[in-house]
Amino acid sequence: MKKSNTILVSMFVVGISYLLFSYNVESESEYEALQITDLTEIPADVHSILENKCFECHTSESKGSKSKLKLNFDKFTNGDYSNGKLVSKFGKITKQLNNDKMPPKKHLKKNPDQKLSSDESKLIINWATEQANILAGE
Ligand code: HEC
C-alpha cells in the first residue's frame, strides 16, 4: 500500500471510531432521560392504595379544589411537576402520613374503610422517600 493510502485508511478508522463513540455518548444520555421519566411512574402496589384512598381528592378530576391544588397525583406522571416540586410533594406526603393526617379524620368518620393500615402507610412512605432521594440525586 502506498504511504498516502495508509494515511487515508488511518484517518477513516479514526473518523469511524469517533462517530461510534459520540453515538454511544448520545444514547447514554437518552437512556438517562428515559430513566427520569420512569421514576415518576407509580408502582402498581402503591398506585392501588392511592387510587382507593387518595385519588378521590387528589387528582385533576377530584371534587375538592383545595386538596388537588395542594397535591395532584396526575401531575406526578404528566410532567407538570418539576423535579424540585416532586421532591417537595414527596416530602409532604411523608410528613402527612407520619402524622396520620391523611385521609382527613372527618372524611374517615364517614368512610372508615379508607383509613390506611400501618403497612399501607409504610409502603407509601418508603416509596415517597426513595423517589425523593433519587430525584434529589442522593
Ligand atoms: C376526602 C378528601 C381527601 C382524601 C381522601 C385525602 N386527602 Fe390529602 N388533602 C385533602 C385536603 C382538603 C387537603 C388540604 C388540607 C389543607 O391544606 O388544609 C389535603 C392535603 C394533602 C397534602 C398536602 C399537605 C400540604 O401541606 O401541602 C398531602 C401531601 C396529602 N393531602 C396527602 C394525601 C394522601 C397521601 C392521601 C391518601 C392516603 C390523601 N391525602 C387523601 C383531602 C383529602
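The values are calculated or read from the model by the stated rules, or taken from the named source; none is laboratory data. This one's a predicted model, so the numbers in the text were calculated from it and none came from an experiment. Backbone-built Cβ (ideal geometry, glycine too); neighbour counts: all protein chains shown.
Here is a yes/no grid of residues against (1) more than 15 Å from the chain's Cα centre (by Cα); (2) at pLDDT 90 or above:
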{"site": "M1", "(1), (2)": "yes, no"}
{"site": "S4", "(1), (2)": "yes, no"}
{"site": "M11", "(1), (2)": "yes, no"}
{"site": "V25", "(1), (2)": "yes, no"}
{"site": "A33", "(1), (2)": "no, no"}
{"site": "L39", "(1), (2)": "no, no"}
{"site": "V46", "(1), (2)": "no, yes"}
{"site": "G64", "(1), (2)": "yes, no"}
{"site": "F73", "(1), (2)": "no, yes"}
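Given the structure, is P103 modelled with pLDDT of 95 or more, under 21 Å from S62 (Cα atoms), out of contact with any strand residue (DSSP E or B) (no Cβ under 8 Å at 6 or more places or on another chain) and surrounded by 17 or more Cβ atoms within 10 Å (Cβ to Cβ)? So P103 passes the test. Test L116 against the stated conditions and say whether it is surrounded by 17 or more Cβ atoms within 10 Å (Cβ to Cβ), within 11 Å of the ligand (Cβ to nearest atom) and aliphatic (A, V, I, L, M). Criteria met by L116. Does K95 satisfy the criteria of being without any contact (Cβ under 8 Å) to a residue 12 or more places away in the chain and surrounded by 11 or more Cβ atoms within 10 Å (Cβ to Cβ)? Judged against the criteria, K95 is a match.
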